[in-house]
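To start, the structure under review is shown below, and the notes come after it.
The values are calculated or read from the model by the stated rules, or taken from the named source; none is laboratory data. Everything numeric in this text was worked out from a predicted model, so none of it was measured. When we count neighbours, we look across all protein chains shown, and the Cβ atoms used for this are built from the backbone with ideal geometry, even at glycine.
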Amino acid sequence: MKREQLYVGGRWIANGLEYLDVTNPANGEQIGHVPMATRAVVQDAIHAAYAAFPSWSALPARARADLLKGVAARMREYSDELARLMTLEQGKPLAEAKGEINISADYFEWNAEEAKRVYGETIPAATANKRLLALRQPVGVCAAITPWNFPSSMIARKIAPALAAGCTVIVKPASATPFSALAIAHIFDELGAAPGVLNILVGPSALVAEEFIASPEVRKISFTGSTEIGQSLMQQAARDLKRISLELGGHAPFLVFDDADIDQAVAGVIASKFRNAGQTCICTNRLYVQRGIYAAFADKLAQRVAQLRVGNGLDASTDIGPMIDAQALSKVERHVTDAVERGGRVLVGGTRAHSGNHAGNFYQPTLVADAPPDALVAHEETFGPLLPLWAFETEDEAIALANSTPYGLAAYLYARDYARIIRVYEGLQFGVIGVNDAVPTVAQAPFGGMKHSGFGREGGHQGMDEYLDWKFVSIGL
Ligand code: NAP
């Protein structure tokens, strides 16, 4: 399953390319190496995808669906091996890695079914001698750039709808986690996918992106990653007016009202904040609790956070694995130090952690109270296991605090009064809202951001819209 080659035009290639080491973030050990694509390799991949497009898009939807269903079935069959590979390169606990593989399989299966429902429209004409049709057609060759935090599902939720719609694809995964991506190529290869339909290459990110943008054969870019890189790609893509979808950073608020079920809300905070060591784009980044329950809630949460076990993701008792690298670790440290220097109080954690004898990139799950509004943690995405919390008085104040960010990806609210729930979710400027639900991502629903969290949706029938164009046909009789 661990392929140390690139998958281009239906061939596995490595000859003559320089290699990049891939390391385990839990202990720094090298787990393998991958070749880095040159400009020529990226161009080969684009040409292969372009050459494969006419026949792939002309297949009946059922035939494309059959391949994608096969991929879903193999992912489930190989889930233990795929999960282990992911934990080795990314660090997340094995159970989370297995959950991610299952979600990836869901994306392939759900979009396989959706491929059969790419309906057009007939439109009533204004005169008797015309017939009007609106058809949906795949946009063409799509290029996807994906991050390391979900090394499988971030790819699945782009390529499943793209391929289902009839597009062909080139994927450039994050350099830190290439093996989970290449394992997907391995499955396509095993199933006999036509050459060029899916291409996966690792390479110097700016160079690869330049080639994607420069090629008139690429008609769509789909990016998941940081807001800064997303903005830069959008500027570049404007030169050739390429379609672009951007799934970018977040700064999720979590609101707990007086009438919430406290135990359910504490469990929700733990799941939403500390999954993947706090390295998800929809991780809670700011916790606001209504004054009446603030003290009791903070106590319960602190007790629960103190019980979380940090360690190697391969160890079954681990709740929180390592940060992806030293830079990510030092960002968490910087946010904690800054909050404390400005008057914040550490309730739990606040230091690096170890796993056995390994220093690794571990940080203790950390709660900080009373950080002032100008603290870094109050307005920057931490992307780590650090949670600041504050008290609020009123519903209006909670909504205003939640919305006081340029980001708009996910927000959470815990309450029981249904009228309050409706007022609050209507007031929140975020693309994904969890109401008494800390894990809102599913294959059948649209996921995506507002404001600086980007635009475009992944999942649901809306996810396939990103890979389809409308074509209007006016027929004179
Ligand atoms: P990143 O640095 O932006 O990297 C993401 C991808 O972009 C990687 O494949 C990276 O390649 C590539 N890249 C880096 N520099 C590039 C450049 N100059 N041109 C083109 N591509 C470039 O982000 P990250 O640190 O990996 O991921 C964390 C961010 O992603 C967070 O902000 C998180 O919130 C966001 N995210 C958003 C969602 C969502 O659905 N909205 C989901 C997950 C993550 P290399 O690895 O080779 O450098």
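On the basis of being at pLDDT 95 or above, within 11 Å of the ligand (Cβ to nearest atom) and either in a strand (DSSP E or B) or under 30 Å from LYS300 (Cβ atoms) (or both), does ASN149 make the cut? Yes; evaluated as a whole, the condition is true for this residue.
Among the residues of segment 450-464, those identified as part of a helix (DSSP H, G or I) and crowded, with 18+ Cβ neighbours inside 10 Å are GLY460, GLY463, MET464.
For segment 391-446, the set of residues classified as surrounded by fewer than 23 Cβ atoms within 10 Å (Cβ to Cβ), β-branched (Val, Ile, Thr) and either over 21 Å from ASP370 (Cα atoms) or touching a Ser or Thr at 6+ places or on another chain (Cβ under 7 Å) (or both) consists of ILE421, ILE422, VAL424, ILE433, VAL435, VAL439, THR441, VAL442, listed by residue number.
Where residues in segment 379-415 are β-branched (Val, Ile, Thr) and in contact with a Lys or Arg (Cβ under 9 Å, 6 or more places away or on another chain), which of them is nearest to MET450 (Cα to Cα)? Residue satisfying both the conditions and the ranking: THR405. Take LEU308 and tell me if it is part of a strand (DSSP E or B) and within 19 Å of ASN276 (Cα to Cα). Taking the combined requirement at face value, the residue does not satisfy it. In the set (1) crowded, with 22+ Cβ neighbours inside 10 Å; (2) hydrophobic (A, V, I, L, M, F, W, C); (3) within 16 Å of the ligand (Cβ to nearest atom), LEU287 fails one condition alone, (3).
With respect to the stated conditions, THR127 is on the phi < 0 side of the Ramachandran plot and either without any contact (Cβ under 8 Å) to a residue 12 or more places away in the chain or among the aromatic types (Phe, Trp, Tyr) (or both).
The number of residues in segment 345-361 being on the phi < 0 side of the Ramachandran plot and out of contact with any helix residue (DSSP H, G or I) (no Cβ under 8 Å at 6 or more places or on another chain) comes to 8. The helices (runs of 4 or more DSSP H) falling completely within segment 1-115 that include 3 or more residues that are over 30 Å from ASP465 (Cα atoms) map to 79-90. In the set (1) under 20 Å from THR224 (Cβ atoms); (2) in a loop (DSSP other than H, G, I, E, B); (3) among the aliphatic types (A, V, I, L, M), ALA125 fails one condition alone, (1). Restricting the first member to segment 273-285 and to residues that are charged (D, E, K, R), and the second to residues that are assigned to a strand (DSSP E or B), the beta-carbon pairs closer than 8 Å and six or more apart or on different chains are LYS273/PHE254; LYS273/THR284; LYS273/LEU287; LYS273/LEU387. Taken over segment 175-230, the criterion of being of a type in the set (A, V, I, L, M, F, W, C), away from the ligand (no atom under 16 Å from the Cβ) and part of a loop (DSSP other than H, G, I, E, B) is satisfied by LEU191, ALA193, ALA194, VAL197.
Mind checking which pairs have a first residue in segment 219-245 that is more than 21 Å from PHE447 (Cβ to Cβ) and a second that is loosely packed, with under 15 Cβ neighbours inside 10 Å, Cβ under 7 Å, 6 or more apart or different chains? Qualifying pairs under 7 Å: ASP240/PRO216.
Of all residues in segment 101-116, at least one satisfies being of a type outside the set (S, T, N, Q), over 20 Å from ALA176 (Cβ atoms), touching a His at 6+ places or on another chain (Cβ under 9 Å) and surrounded by fewer than 24 Cβ atoms within 10 Å (Cβ to Cβ). The set of residues from segment 242-274 being touching a Ser or Thr at 6+ places or on another chain (Cβ under 7 Å), in a helix (DSSP H, G or I) and charged (D, E, K, R) comprises just one member, LYS273. Restricting attention to segment 371-398, the residues that are more than 19 Å from VAL346 (Cβ to Cβ) and free of Cβ contacts under 8 Å to residues at least 60 places away in the same chain total 3.
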